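Computed from the coordinates by the stated procedures, all read-outs in this text should not be read as laboratory data. In this text, all values refer to a predicted model and were calculated from it rather than measured experimentally. Cβ coordinates were reconstructed from backbone atoms using ideal geometry, including for glycine residues, and neighbour counts include every protein chain displayed.
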Amino acid sequence: MLIETFNLTRKFGERTAVDNLNITAEEGKILGFLGPNGAGKTTTMRMLAGLISPTSGYAVVDGIRPDKEPERVHEIIGILTESPGFYNNMSAQRNLEYFAGFYNLSDASAQIEKYLRLMGLWERRQDKVGTYSKGMKQRLAITRALIHKPKILFLDEPTSGLDPEVSQEVRGLIKNLSQEGYTVILSTHNLSEAEQLCQRIAVIRTGLVALDAPANLRQRLFRHQTMIKLEEIDERLIGAISKLDFIKNHSREENTLFIELADPSKHQPELIKSIVEAGGRIIEVTDKKHSLEDIYLSLLNEEEKI
Amino acid sequence: MTKQRIYNILKKEWQVMFTEVNSLMLVTLLPVIILAQGLLYVWLIDKFGGESMISSAFFQSVLQKISEIMPAVSVLTIPEQLQVFLLSQFNFYLLLIPVMIAVSFATFSIVDEKQTRSLEALLATPVRTWELLLGKALSGAIPAIIVTWICGLLLLLGVQILGWGHLLEYFLNPAWFIILFLLTPAISILSFLLGVIGSARAKDSKSAQNLVLLIVLPVLMLIGIQISGLVWFTTILTLVLAIAIVVIDFFVLKVAVRLFSRESIIISWR
Ligand SMILES: Nc1ncnc2c1ncn2[C@@H]1O[C@H](COP(=O)(O)OP(=O)(O)OP(=O)(O)O)[C@@H](O)[C@H]1O
Ligand SMILES: [Mg+2]
């Protein structure tokens with residue numbers, strides 16, 4: 001594991017921002033932090049990046065304790081902070097040169113050019129950052145996190161404030177980075193973004209709610225349901241279905257049946273046959289898909305009940 | 001790497017400094033005013049240093065001291081003796097330059113970065129705290145020192161041009177050089193370090209300035225003491241003072257690194 005936390009906890013006075021968090025991040029993968037406002041995503045990232053210390057527990061990042069040797073962690077990480085700032089009176093390029101100047105880089109200007117071009121900022125590189133739009137600043141901030149080729153990339157809401165097109169580009173870029181071997185920790189409120197990008201998602205609300213691959217999270221929360229849309233549903237049909245012993249559960253919504261089967265691949269043909277024999281006229285048979293949003297909301301609701 | 005990182009900070013700070021009219025004005029205008037004022041006093045004594053002035057109790061005591069410390073001046077006229085006194089004090093007066101530049105510059109150095117939020121990204125780089133603080137302090141102190149030296153040079157030139165060249169030998173003693181080349185750098189760095197500390201601790205530049213004014217006060221007092229002639233800084237005393245301040249510089253840098261908690265800067269700024 002490239003990153004591992006052990007009961008990582010951070011309090012601000014009386015308030016606990018991060019509570020006994022135990023998470024891991026694998027090398028070369030993208031781990032998403034998902035959670036409502038104030039869930040402790042930024043605080044966790046700051047602790048992992050060696051910017052603030054935990055009040056108890058600890059983290060290990062590439063074999064280094066960020067609270068003990070922050071400078072060594074800083075050598076291998078790049079961070080896009082939640083509200084990134086620049087020297088507004090200097091050009092974008094000069095800003096990047098300045099930040100690059102703190103690392104031991106032999107090819108800083110080549111790296112700067114590469115990423116400025118990639119981010120579509122090359123033409124505007126001589127402009128003062130103060131004249132940049134919000135989205136341009138955000139792209140510049142991502143560039144800043146990248147120029148020293150960090151092993152681990154922390155991105156705190158990378159697409160916030162970007163238009164849909166640029167967001168998509170940035171997502172593509174993040175995906176490419178992970179394919180190049182970067183390890184990415186990404187916080188977001190955008191569920192489809194998390195689903196699109198992350199191999200694993202940590203749902204956080206002060207403590208850890210769940211940590212798994214999006215598909216596993218889905219399976220864990222929702223059993224498989226077959227959705228059958230009919231022209232019409234009558235009592236005879238319901239009666240016939242109720243007799244089938246492999247049906248664990250069924251419900252009805254207008255002309256659609258939601259049926260939970262013990263073993264879908266085996267029992268689906270059987271089920272359809274019975275419906276047809278009972279005189280049912282089938283329009284459509286599909287699997288019910290749960291969006292990550294459903295998962296996320298039910299995870300948080302489940303939490304709330306406890 | 002350390003050298004490279006400090007140089008990186010210096011380069012950027014200077015680049016910003018030289019593109020800001022306000023800071024350029026401060027660095028150029030303030031020394032000119034202080035220099036002109038000094039020369040004006042010496043000139044006033046030359047022009048109007050008549051009986052009335054010399055008969056005042058203050059000047060009597062000053063004359064008394066001059067003759068004790070620099071017996072050689074006894075061959076000069078009374079006004080000339082007073083001129084030598086002022087000229088020998090002048091370097092202390094020049095200390096105002098780095099101190100005042102520090103109060104107005106250093107105070108912004110960290111607070112500005114807090115306000116524009118560039119600081120969190122900066123603190124996430126491998127820059128060491130002491131490198132950052134020293135870099136910030138030196139970026140102001142070096143120009144301030146150079147400007148002060150130029151003023152010292154201009155003073156000597158002015159003395160020549162205004163026809164007081166024969167007084168040079170009386171006040172150009174080792175102490176004069178120690179003040180300019182050892183005490184001035186030491187005090188400049190001290191003021192800037194204190195300024196940077198104030199800036200790192202403060203929430204905004206206004207409160208930073210208040211804080212810095214408070215810590216810079218001792219330096220102003222030193223200038224006051226010397227100018228009033230209460231304590232006469234001989235060569236040895238000057239040397240001791242200068243070395244003491246160099247030592248204090250290192251000490252203050254150490255304390256500064258402790259006081260400058262990266263964490264509190266990040267979390268107290270939301
Ligand atoms: N510097 C601070 N001082 C006091 N409380 C803080 C500080 N930073 C964070 N907190 C508190 O810690 C909790 C977690 O905050 P954090 O910024 O980590 O949340 P987040 O998950 O990043 O939220 P968002 O999605 O809104 O960015 C919040 O209750 C917040 O008020
Ligand atoms: Mg946040």
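In whole percents, the pair-distance distribution calculated for the range B:86-133 from its alpha-carbon pairs, binned every 10 Å from zero, is 21, 34, 23, 15, 7, 0.
Computed over chain A with a Gaussian network model linking Cα atoms closer than 10 Å, the most mobile of A:Arg205, A:Arg139, A:Arg125 is A:Arg125.
Beyond 14 Å, the tail of the calculated P(r) for the range A:1-87 holds 64 percent of the Cα pairs. Straight-line cross-link reach from A:Lys29 at under 18 Å between alpha-carbon atoms covers these aspartates and glutamates, not counting any fewer than eight positions away in the same chain: A:Glu4, A:Asp62, A:Asp156, A:Glu157, A:Glu180, A:Glu193, A:Glu195, A:Asp212.
Given the pairs A:Lys175/A:Lys289; A:Lys134/B:Lys11; A:Lys243/A:Lys273; A:Lys149/A:Lys175, which are separated by over 19 angstrom at their Cα positions? Checking Cα-Cα distances, A:Lys175/A:Lys289; A:Lys134/B:Lys11 exceed 19 Å.
For A:Lys11, a cut-off of 28 angstrom between C-alpha atoms picks up these lysines, skipping any fewer than 8 places away in its own chain: A:Lys41, A:Lys68, A:Lys305, B:Lys114, B:Lys203. Net charge dipole, chain B: roughly 1120 debye, given to the nearest 20, about the Cα centre with Cβ charges of +1 for Lys and Arg and -1 for Asp and Glu. Give, as ranges by residue number, the residues of the range A:155-171 whose backbone N falls under 15 Å from the point 7 Å along Cα→Cβ of A:Lys134. Hits in the range A:155-171 for A:Lys134 at 15 Å: A:157-167. Per residue of peptide B:4-15, the mean number of Cβ atoms on other chains within 10 Å of the residue Cβ is 3. Projected label points at A:Asn22 and A:His189, each 7 Å from Cα along the beta carbon direction, are separated by 3.1 nanometres.
Relative contact order of the range A:1-114, taken over Cα pairs closer than 8 Å and 6 or more residues apart, is 22 percent. For the range A:1-66 versus the range A:229-263, the inter-centroid distance based on Cα atoms is 47 Å. Rounded to the nearest 20 debye, the dipole size of the protein assembly as shown about its Cα centre is 680 debye, using +1 on the Cβ of Lys and Arg and -1 on the Cβ of Asp and Glu. Taking the fewest neighbouring Cβ atoms within 10 Å as the starting point, the ordered list for B:Glu131, B:Glu68 is B:Glu68, B:Glu131. For A:Leu155, the amide hydrogen comes within under 5 Å of the amide hydrogens of A:Leu80, A:Ile185, A:Leu186, A:Ser187, counting only partners 5 or more places away or on other chains and with H modelled in the peptide plane. The fewest-to-most ranking of B:Ile145, B:Ile265 by surrounding Cβ atoms within 10 Å reads B:Ile265, B:Ile145. Semi-axes of the range B:123-167's equivalent ellipsoid from the Cα gyration tensor, sqrt of 5 times each eigenvalue, largest first, rounded to whole Å? Whole-Å semi-axes of the equivalent ellipsoid: 41, 6, 4. Modelled spin labels at B:Glu68 and A:Glu231, positioned 7 Å past Cα toward Cβ, are 12.3 nm from each other. Rounded to the nearest 10 degrees, what's the angle between the helix B:184-201 long axis and the longest principal axis of chain B, both from Cα atoms, 0 to 90? Its long axis makes an angle of about 40 degrees.
About its Cα centre, the dipole of the range A:1-66 is roughly 260 debye, where the only charges are +1 on Lys and Arg Cβ and -1 on Asp and Glu Cβ. Relative to the dominant Cα principal axis of chain A, helix A:164-179 is inclined by about 80°. Geometric descriptor of chain B, per residue, is 131 Å³ (volume of the convex hull of the Cα atoms). Taking amide H positions as modeled 1.01 Å from N, with prolines and chain starts lacking one, the residues under 5 Å from A:Asn20 and 5 or more places away or on another chain are A:Thr9, A:Arg10. Close amide-amide hydrogen proximity is noted between A:Ala210 and A:Val203, each under 5 Å apart and 5 or more residues distant or on a separate chain (H modeled in the peptide plane; Pro and chain starts excluded). Semi-axes of the equivalent ellipsoid of the range B:6-113 are 41, 14, 11 Å, computed as sqrt(5λ) over the eigenvalues of the C-alpha gyration tensor in descending order.
Between the C-alpha center of the range B:184-221 and that of the range B:138-171 there is a gap of 25 Å. Pick from A:Val285, A:Val73, A:Val61: which residue has the top mean-square fluctuation in a GNM of chain A where Cα pairs under 10 Å get a spring? Comparing A:Val285, A:Val73, A:Val61 in a Gaussian network model of chain A, the most mobile one is A:Val285.
The angle between the Cα long axis of helix B:57-69 and the longest principal axis of the Cα atoms of chain B comes to about 90 degrees, rounded to the nearest 10.
Shape analysis of the range A:63-174 yields a ratio of the Cα radius of gyration to the Kirkwood radius, Rg/Rh, of 0.96. Over the range B:85-241, the reciprocal of the mean inverse Cα-Cα separation, the Kirkwood hydrodynamic radius, stands at 16.8 Å. Sequentially through the range B:134-142, phi angles give Karplus couplings (6.51, -1.76, 1.60; θ = phi - 60°) of 5, x, 4, 5, 5, 4, x, 5, 4 Hz, Gly and Pro residues having no value and appearing as x.
Computed from phi, the 3J(HN,Hα) profile of the range A:82-99 under the Karplus parametrisation 6.51, -1.76, 1.60 (θ = phi - 60°) reads 4, 10, x, x, 9, 8, 5, 8, 10, 5, 4, 4, 5, 4, 5, 4, 4, 5 Hz, with x in place of Gly and Pro. Note on A:Asp212 and B:Tyr7: the model spin-label points, each 7 Å out from Cα along the C-beta direction, lie 5.5 nm apart. The spacing between the range B:85-103 and the range A:178-214, judged by their C-alpha centroids, is 60 Å.
When the Cα atoms of the protein assembly as shown are aligned to their principal axes, the ranges along those axes come out at 133, 48, 38 Å in descending order.
Each of A:Phe6, B:Phe58 was scored by other Cβ atoms within 10 Å of its Cβ. Arranged with the fewest first, they read B:Phe58, A:Phe6. For chain A, set up a GNM with springs between Cα atoms under 10 Å and report which of A:Ser56, A:Ser167, A:Ser106 has the largest fluctuation. Maximum among the listed residues: A:Ser106. The aspartates and glutamates within cross-link reach of A:Lys114, meaning a Cα-to-Cα straight distance under 14 Å and a gap of 8 or more places when in the same chain, are A:Glu97, A:Glu123.
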